[in-house]
Amino acid sequence: VQLRAFGGGLVHAGGFLSLSCAASGRSFSSYIIGWYRKAPGKVREFVVAISQSGNSTVYADSLQDRFTISRDNAKNTVYLQMNSLKPEDTAVYYCAAYDYSDYVSRTEGRYDHWGQGTQVTVSS
């Protein structure tokens, strides 16, 4: 599967953005999809992941009250709605995927397909 993340941009603190992860290739509905982010000078960190059906999600503890993941398998797309954005949310956001397990993981090493990333910048 090939992934493309888009929808990033510049937003003021308190604002919102909706990112999309569009997939091409076969069997999108068999993939677990995760979002990660990498801020300048920091390691890439887990944001959220969603099961193949969309019925199960796993969030980073600090983000669950502001971020929401969803998917539309008919459109081969996963969405990340980000509300009440803070300057510390500034990062490149990546979507990633794997299909060899039904376990929705936070572990970066489990994801074997990655998109190119989209920049999110939150100004104070």
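Might you let me know whether segment 51-69 holds any residue that is modelled with pLDDT of 95 or more, surrounded by 13 or more Cβ atoms within 10 Å (Cβ to Cβ) and in contact with a Gly (Cβ under 6 Å, 6 or more places away or on another chain)? No, because not a single residue in segment 51-69 is modelled with pLDDT of 95 or more, surrounded by 13 or more Cβ atoms within 10 Å (Cβ to Cβ) and in contact with a Gly (Cβ under 6 Å, 6 or more places away or on another chain).
Quick one: which residue in 2, 81, 64, 52 is among the polar types (S, T, N, Q) and in contact with a Leu (Cβ under 9 Å, 6 or more places away or on another chain)? Outline the logic, then answer.
On the way: 2 fails: in contact with a Leu (Cβ under 9 Å, 6 or more places away or on another chain); 64 fails: in contact with a Leu (Cβ under 9 Å, 6 or more places away or on another chain); 52 fails: in contact with a Leu (Cβ under 9 Å, 6 or more places away or on another chain).
One residue alone meets the criteria, 81.
Which residues, taken from segment 79-124, are under 12 Å from residue 36 (Cβ atoms), hydroxyl-bearing (Ser, Thr, Tyr) and part of a loop (DSSP other than H, G, I, E, B)? Of everything in segment 79-124, those that are under 12 Å from residue 36 (Cβ atoms), hydroxyl-bearing (Ser, Thr, Tyr) and part of a loop (DSSP other than H, G, I, E, B) turn out to be 105, 107, 111.
Modelled with pLDDT of 95 or more and within 17 Å of residue 1 (Cα to Cα), is that true of residue 81? Judged against the criteria, residue 81 is not a match.
The values are calculated or read from the model by the stated rules, or taken from the named source; none is laboratory data. Not measured: the values here are computed from a predicted model. As a convention, Cβ positions derive from the backbone with ideal geometry for all residues, glycine included, and neighbour counts pool all protein chains shown.
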